[in-house]
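Derivation of every value follows stated rules applied to the coordinates shown; laboratory data play no part. These numbers come from a predicted model, not from an experiment. With ideal geometry, Cβ positions are generated from the backbone for all residues, glycine too; neighbour counts draw on all protein chains shown.
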């Protein structure tokens with residue numbers, strides 16, 4: 001029995017074997033609903049609050065800027081879908097890194113806003129630093145168990161891999177927390193939400209939280 005419930009669908013691709021279980025199917029449905037939000041909505045004007053000088057102004061969004069952000073939101077949601085459905089730890093880290101890159105683009109593509117570029121730089125720096133323990137943890141899991149397949153890891157007895165696996169899980173957890181921007185790293189995302197439209201801030205916030213929920217299932221599957 002998988003930690004996320006009964007397996008409903010499996011795609012045999014060597015050791016990777018993407019799959020959908022009961023909980024993963026719910027997460028995927030929410031992700032597809034998130035993708036529909038920026039595509040179906042049509043917000044051309046949004047309110048901008050200047051915290052340095054107390055004032056509120058309306059800003060008109062250009063169609064070109066809206067199309068760029070919608071494309072990046074599509075990439076972000078597809079990356080989160082890969083995180084949810086993959087059956088391989090290394091692919092999990094790759095999709096999570098792609099999610100961070102696309103979210104950084106969503107923040108930094110706000111036209112005529114220098115502070116948005118600064119927020120995107122801070123977000124990208126956080127993801128860059130988090131990628132070191134993220135991929136390092138996956139490497140230690142491979143070194144201690146000989147596989148990165150979630151299906152094979154679940155068959156191993158508890159305690160397999162010894163201290164190397166324990167250290168690898170700790171590094172992987174630190175990397176996921178940094179990439180998803182949860183815990184103390186959430187402070188970096190707060191400024192970013194002030195420089196991006198509400199519907200796309202919702203995409204960033206929800207995709208990262210749902211992928212962290214997927215990691216908790218992955219962590220429970222490790223020996």
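See the values below:
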quantity	calculated
Residues 22, 77 arranged by fewest to most Cβ contacts within 10 Å	22, 77
Nearest-0.05 FRET efficiency for residue 160 and residue 75, computed from C-beta distance (R0 41 Å)	0.65
